[in-house]
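> Here it is, the structure in full.
The values are calculated or read from the model by the stated rules, or taken from the named source; none is laboratory data. A quick note: this is a predicted structure, and the numbers were derived from the prediction, not measured. Cβ: placed from backbone, ideal geometry, glycine included. Neighbour counts: every protein chain shown.
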């Protein structure tokens, strides 16, 4: 029933209705788990759920809950892509490109950098699934790489209780720091790849 309602109504309408369950925390968490599981199939941004968690639970409890839910939600497209890996057609091209990226950056570093970058979560999950990244590296990389974004979104959601802009300022700082760190993590592997593949070593 919940999934059917989610298909009919907008994310805002559904999330607004479950925010009304704040007086029933266990019921809210149960509904939240279902939404995290079906979210990839509804093509909802995972950030919408993080904002809702922050609004209902606040930052202290909301951040760990949102991290756990985001990892659960993002692992679904990862596993589906892993199952769909192939050497043929468009899937084969995507698989080879993902493998090259993972080989150039390293499994764990590549997932962390991709998660820190301002990219759609499901695109990163699918790309990692098509690559040969291990489940362990994927989970650890997702937790570390997504944490700054999740914290920013939960803090922003929590700030809506009083319409305070303090949390939003902090969120913008986290967004900037996460994006910068992603660039730093990829700089070395990118340079080595270009040097080895295109002979940039002659410039040294």
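> Do we find that residue 56 is over 20 Å from the mean Cα position of the chain (by Cα), part of a helix (DSSP H, G or I), buried (at least 19 other Cβ atoms within 10 Å of the Cβ) and in contact (Cβ under 8 Å) with a residue 12 or more places away in the chain in this structure?
For residue 56, the condition - over 20 Å from the mean Cα position of the chain (by Cα), part of a helix (DSSP H, G or I), buried (at least 19 other Cβ atoms within 10 Å of the Cβ) and in contact (Cβ under 8 Å) with a residue 12 or more places away in the chain - is met.
> Continuing with this model, one more query. Using beta carbons and a limit of 9 Å, which pairs, at least six apart or on different chains, have the first residue in the range 60-88 and on the phi < 0 side of the Ramachandran plot and at pLDDT below 90 and the second one surrounded by fewer than 19 Cβ atoms within 10 Å (Cβ to Cβ) and not in a helix (DSSP H, G or I)?
85/132
> Now for a separate question. Test each condition in (1) in a helix (DSSP H, G or I); (2) under 21 Å from residue 142 (Cα atoms) for residue 44 and report the one that comes out false.
Going through the list (1) in a helix (DSSP H, G or I); (2) under 21 Å from residue 142 (Cα atoms), residue 44 breaks only (1).
> Among the residues of the range 75-86, is there at least one that is outside any helix (DSSP H, G or I), touching a helix residue (DSSP H, G or I) at 6+ places or on another chain (Cβ under 7 Å) and surrounded by fewer than 16 Cβ atoms within 10 Å (Cβ to Cβ)?
Scanning the range 75-86 turns up at least one residue that is outside any helix (DSSP H, G or I), touching a helix residue (DSSP H, G or I) at 6+ places or on another chain (Cβ under 7 Å) and surrounded by fewer than 16 Cβ atoms within 10 Å (Cβ to Cβ).
> Looking at 100, 96, 109, can you tell me which residue is surrounded by fewer than 19 Cβ atoms within 10 Å (Cβ to Cβ), under 19 Å from residue 177 (Cβ atoms) and more than 10 Å from the chain's Cα centre (by Cα)?
Checking each option against the conditions leaves just 109.
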